[in-house]
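J.: A single structure is presented below for examination.
All of the numbers you see were taken from the coordinates with simple rules; none came from a lab. For clarity, every value in this text was computed on a predicted model and none was experimentally measured. Note that each Cβ is placed from the backbone with ideal geometry, even for glycine, and that neighbours are counted across all protein chains shown.
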């Protein structure tokens, strides 16, 4: 069993419009946590011409680093995978927001991450 959520770019929080810009997959039984992103700058700019795309990209890159446990994620990158996933998927009012968490069954969470990215983000 695995859990997943989309990472949504929300240029103007008060409007509630978003562009899917990434996905996070967590599978406790296989010790797997990863995120992948794809920022469609044209779609993002159409929703929020004032959006700082470089800043949005940094936020998305930080989610990938946190999942990987990279040094760039600081002390949080050393937290257990489950804690990192819960932190990334906690509701927030920010430019990058998570979707609700969904579940599924797989023996290959990396393939599921790529499938989710291909079908719901790109």
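J.: Quick test of your reading of the structure: residue 49 fulfils all but one of (1) assigned to a loop (DSSP other than H, G, I, E, B); (2) touching a helix residue (DSSP H, G or I) at 6+ places or on another chain (Cβ under 8 Å). Name the failing condition by number.
T.: In the conditions (1) assigned to a loop (DSSP other than H, G, I, E, B); (2) touching a helix residue (DSSP H, G or I) at 6+ places or on another chain (Cβ under 8 Å), residue 49 misses (2) alone.
J.: If you don't mind, another one. Return the pair list, or none, for Cβ contacts closer than 9 Å from residues in the range 35-53 that are without any contact (Cβ under 8 Å) to a residue 12 or more places away in the chain to residues that are assigned to a strand (DSSP E or B), at least 6 apart or on different chains.
T.: What qualifies is 46/19.
J.: Another question about this same structure. Which of the numbered conditions does residue 94 fail, given that it passes all the others? Conditions: (1) touching a residue at least 60 places away in the same chain (Cβ under 8 Å); (2) closer than 15 Å to residue 2 by Cβ; (3) outside any strand (DSSP E or B).
T.: The single condition residue 94 does not satisfy is (2).
J.: Test residue 62 against the criterion of being crowded, with 17+ Cβ neighbours inside 10 Å, on the phi < 0 side of the Ramachandran plot and without any contact (Cβ under 8 Å) to a residue 12 or more places away in the chain, and give yes or no.
T.: Judged against the criteria, residue 62 is a match.
J.: What's the number of the condition residue 2 fails, among (1) under 13 Å from the mean Cα position of the chain (by Cα); (2) within 21 Å of residue 108 (Cα to Cα)?
T.: If we test residue 2 against (1) under 13 Å from the mean Cα position of the chain (by Cα); (2) within 21 Å of residue 108 (Cα to Cα), just (1) comes out false.
J.: Then there's this: Scanning for something under 21 Å from residue 17 (Cα atoms) and in contact with a strand residue (DSSP E or B) (Cβ under 7 Å, 6 or more places away or on another chain), does the range 63-71 turn up at least one residue?
T.: yes
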